[in-house]
1. Over all alpha-carbon pairs of segment 37-172, lay out the pair-distance distribution in 10 Å bins, whole %, shortest bin first.
2. Arrange the following residues from fewest to most other Cβ atoms within 10 Å of their Cβ: L98, L6, L129.
3. Taking the number of other C-beta atoms within 10 Å as the exposure measure, put E128, E49 in order starting with the fewest.
4. Treating cross-link reach as a plain straight distance, find the aspartates and glutamates whose alpha-carbon is under 18 Å from the alpha-carbon of K46, omitting any fewer than eight places away in the same chain.
5. Among I29, I11, I57, whose mean-square fluctuation peaks in a Gaussian network model of the chain (Cα, cutoff 10 Å)?
6. Can you give the angle from 0 to 90° between the axis of helix 19-34 and the longest principal axis of the chain, with both taken from C-alpha atoms, to the nearest 10?
7. How big is the gap, in Å, between the Cα center of segment 125-172 and the Cα center of segment 33-81?
8. Quick check on the exposure proxy: order Y77, Y169 from fewest to most C-beta atoms within 10 angstrom.
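Values quoted throughout were computed directly from the atomic coordinates according to the rules given, and no laboratory measurement underlies them. It should be emphasised that the depicted structure is a prediction, and the values quoted were computed from it without experimental measurement. Cβ placement follows ideal geometry from the backbone for every residue including glycine, while neighbour counts extend to all protein chains displayed.
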Amino acid sequence: MIKFNLDFENINNNFSLDIDKIKQNTIKIFDYLLNLPEIKQEFCLKEYEYKTLAFDILFCDGEKTHQINKQYRNKDYSADIITFAVFADSDISERFVLDGEINLGEIIIALDKIDSQSKEKQISFENELYFFISHGIMHLLGFDHQTEKDFDFVVNCQKKSLKNIGIEYDKI
């Protein structure tokens, strides 16, 4: 059985989050995605033996994602989510497993942007938040969405994982 070593931090004082609940649901989403046959065939972990998967989630605001985008990605805009998929984006020769653990990277989510998007879509903040958490996980596993086919694949996997935790998501 895979263990998860997750670190969550909320630096956005405008949003109070139930980190324990989010952590439990994130593990359920991740575990579900890891066991989807279509994920297992292509994900960045398929050639590795590991006991633990680690990653961080930082909850912040759009101003912070703007700073991160400028500093690390040479992009001058705020984002709802930024994923640094350290393991998946590394050259295969640079990937490593340390003491049975793989550090997948970091997901950064701007809660103010999630809030405004949930209001635009007329869905709950929580559902939108989990949609973006599942999206970040897909990136950590090495999936991108440069083509419409890839985008549809990523979103369909996300929807399946959300349904597994009781969320019907149909607002793309």
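1. Taking all Cα pairs of segment 37-172, the binned fractions are 12, 38, 37, 13, 1 percent.
2. Listing L98, L6, L129 from fewest to most nearby Cβ atoms yields L98, L6, L129.
3. E49, E128
4. List returned: D31, E38, D89, D91, E94, D99, E101, D144.
5. I11
6. Rounded to the nearest ten degrees, it is 50.
7. 12
8. Y77, Y169
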